[in-house]
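J.: My questions all concern the structure below.
The values are calculated or read from the model by the stated rules, or taken from the named source; none is laboratory data. From a predicted model like this one, the values you see are computed outputs, not experimental measurements. Here the Cβ positions follow ideal geometry from the backbone for every residue, glycine too, while neighbour counts run over all protein chains shown. These accessible areas exclude ligands, DNA and RNA; they are computed on the full protein's heavy atoms, side chains included. Shrake-Rupley method; radii C 1.70, N 1.55, O 1.52, S 1.80 Å.
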Amino acid sequence: MQGPPNRAVPGQQRLFLASFITLIAAGVGFSIRSGILDDWGRQFGFTQTELGAITGSGLWGFGLAILFFSLFADRLGYGPLMAVAFVLHVLSAALTLAAGFVFQHFGKDATYWLLYAGMSLFALANGTCEAVINPLTATLYPKEKTHYLNILHAGWPAGLILGGVLSYCMAERGERVVVRWEIQWLIFLVPVLVYGLLMLGRRFPISEAKAAGVTFGAMLKEFAQPVLLVLLALHALVGYVELGTDSWIANLMTNIASMQGILVLVYTSSIMFALRFFAGPIVHKISPLGLLCSCAGLAMTGLVWLGNSTMGVAVFLAATIYGVGKTFFWPTMLGVVSERFPKGGALTLGAVGAAGVFSGGLLGTPGIGYIQDYYAAGRLSQESVALYQSYAAPDQKTFLFFPKTTGLDGAKVGPVMARPQAELTGPEKSVRAAVIYGGRMSLKWTALVPATMTIGYLLLILYFKAIGGYKQVHIEGH
């Protein structure tokens, strides 16, 4: 295949580096947000379901932006969209930092919606970046799409690592606040400024689809293919298990294993960062779908084990399996879609990304929060109705079609979970046990998602084997 005429773009490596840094910005913000969920729960009295909804807003807006801007990315150009992303990132920081002031003057409900809006803007900014950087990378490296998309998305775990380490260093130590959460949140603006400067004044290439003269109608016709629809469904499951679990993993492991849970996120992200640079050689040996199927099985095993782990060594081993499992999901799925449906351009890549983040934001994060509330409340109410009522949140919450549940009040539970087990009273130990039980059950239920993915990928492998094997598709003449 001969590369498109815009293959040798001046400043190509600079554009790729800037794209890489946009994911560092997203990862830093995501990681620090995971580390300050407890701060929000204690300061504002949010339940796990409410915290899940706030973090979920930091994902579904991502999908909305990818889907919307992917409609215009090939026609409008990549540069203007990156300017929009930069502005949205700055506005997100400003809104979120106002939470303390709003809580003092307007109360909990207003604070909830302010944080919801701030996280939504953060998600919209990240989604706008994603609508650009995926087709941009596929355009810059048309012969090695899967490999370079994996390298590009190593920026995400790099951001998670950086944000996680900083969050750990700045987190509370007992009753002492090392660095306020507002200052922690500001850190994500540093990579935002860097990618803005790197892209300022750069000339962006046009996509492979636009260079080939593919019309918007031809792009839409790609969605009539059943295989693409299956890939969209599978990537929705990827979003649930990867983004949903990672939104909660720091909080969950802090409660379940009595450790600094943010370090688990840092560790699994380190695995992702290292391994994503080797995706190219791996897919040459076992094919992209074989890699995805293997990863789904590992992710399922790791989540079940994490849900049962209590000791440091067991947590380490379970986190290793889960970390390896989730490593290649997102970028390899993008690579498969780009290789099999190149006429779709930014539109098909955007749709797949949107499916993942919509699922992670609307289903994964609130769903995992709901499961925690449901099982924690159920266990504590069975043990002592009076004790449950003294710790219950004031409002009932629900998720999809599941029954309503009244979770535990984060402002009341937070101090209990922060103190050593030996210092707790009998009733407080019961509360702690209920919270831990809810966290374990959420991980075990989530393991069903990669189990389903394993079956889906296996069916795709069998389908491609029946038609002669998986092969990359090229636009005619390119």
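J.: Name the residues whose placed amide hydrogens come within less than 5 Å of the amide hydrogen of Ala392, ignoring near sequence neighbours (fewer than 5 apart) on the same chain.
T.: Asp409
J.: In nm, what is the difference between 0.36 nm times the number of residues separating Leu462 and Glu423 and their Cα-Cα distance? Each step should come with its number before you reach the end.
T.: Working: separation 39, 0.36 × 39 = 14.04 nm, distance 5.67 nm.
Between Leu462 and Glu423, full extension yields an extra 8.4 nm.
J.: With only Lys, Arg, Asp and Glu charged, each at its Cβ (+1 for the first two, -1 for the last two), find how big the charge dipole of segment 1-150 is about the Cα centre; round to the nearest 20 debye.
T.: It comes to approximately 420 debye.
J.: Quick check: the distance between the Cα centres of segment 416-476 and segment 277-320, to the nearest angstrom?
T.: Result: 11 Å between the Cα centres.
J.: Here are some pairs, Lys108/Lys444; Lys108/Lys326; Lys343/Lys465; Lys210/Lys465; Lys343/Lys471; Lys145/Lys326; which of them have Cα atoms lying more than 26 Å apart in this structure?
T.: Check vs 26 Å cut-off fails for Lys108/Lys444; Lys108/Lys326; Lys210/Lys465.
J.: Using heavy-atom solvent-accessible surface (probe 1.4 Å) with all chains present, what is the largest-first order of Glu130, Glu182, Glu383? Working shown, then result.
T.: Numbers: Glu130 5, Glu182 30, Glu383 105 Å².
If we order Glu130, Glu182, Glu383 from most to least accessible, we get Glu383, Glu182, Glu130.
J.: Right, another one. Could you quote the convex hull projected area for segment 269-324, Cα atoms only and averaged over all directions, in nm²?
T.: 3.9
J.: On a 0 to 90 degree scale, rounded to 10, what angle separates helix 262-275 from the longest Cα axis of the chain?
T.: 20
J.: Is the shape of segment 29-93 rounded, prolate or oblate, going by the alpha carbon gyration tensor and its root eigenvalues a ≥ b ≥ c, with a/c under 1.5 for rounded and a/b larger than b/c for prolate?
T.: On the way: a/c = 4.02, a/b = 2.41, b/c = 1.67.
It comes out prolate by the Cα gyration axes.
J.: Cα gyration tensor of segment 327-478, axes a ≥ b ≥ c as square roots of the eigenvalues: rounded (a/c below 1.5), prolate (a/b > b/c) or oblate?
T.: Working: a/c = 3.40, a/b = 3.01, b/c = 1.13.
Verdict is prolate for segment 327-478.
J.: Roughly how many Å² of Lys444 are accessible to a 1.4 Å probe, to the nearest 10?
T.: The value for Lys444 is about 70 Å².
J.: Separate question: When a/c is below 1.5 the answer is rounded, else prolate if a/b is larger than b/c, else oblate, so apply that to segment 46-165 with a ≥ b ≥ c taken from the square roots of the Cα gyration tensor eigenvalues.
T.: prolate
J.: What residues qualify as long-range amide H neighbours of Lys397, i.e. H under 5 Å apart, gap of 5 or more or another chain, H built at 1.01 Å from N?
T.: Thr405, Thr406, Gly407
J.: So how tilted is helix 12-35 from the main axis of the chain? Cα-based, degrees 0 to 90, rounded to 10.
T.: Taking the Cα atoms of the chain, the angle to 12-35 is about 10 degrees.
J.: Out of the total accessible area of the chain (probe 1.4 Å, heavy atoms of protein only), what percent is carbon and sulfur?
T.: Summing carbon and sulfur atoms, their accessible area is 68 percent of the total for the chain.
J.: For Arg202 and Val227 in the same chain, what is the full-extension length gain: residue separation times 0.36 nm, less their Cα-Cα distance, in nm? Show your work: numbers first, answer last.
T.: Values: separation 25, 0.36 × 25 = 9.00 nm, distance 3.64 nm.
Extra length available between Arg202 and Val227 comes to 5.4 nm.
J.: Then there's this: Could you work out the relative contact order of the chain? I mean the mean sequence separation of Cα pairs under 8 Å and 6+ apart, divided by the number of residues, in percent.
T.: For the chain, the relative contact order is 26 percent.
J.: Where does the chain land at 222 nm, in deg cm²/dmol rounded to the nearest 500, when only DSSP H runs of n ≥ 4 count, each adding -39500 (n - 2.57), divided by all residues?
T.: It lands at -24500 deg cm²/dmol.
J.: Same structure again: P(r) for segment 301-390: what percent of alpha-carbon pairs falls in each 10 Å bin, starting at zero?
T.: Calculated over all Cα pairs of segment 301-390, the distribution is 14, 25, 30, 20, 9, 3, 0 percent.
J.: To continue, here is another question. Accessible area per residue for the chain in Å², computed with a 1.4 Å probe and the full protein assembly in place, what is it? List each step's numbers first, then the result.
T.: Numbers: 18120 Å² over 478 residues.
Here the per-residue accessible area is 38 Å².
J.: Shifting gears a bit: Pull out the extension gain between Asp109 and Leu400, defined as 0.36 nm times the separation in residues minus the alpha carbon to alpha carbon distance; nm, one decimal.
T.: Net length gain for the segment: 102.6 nm.
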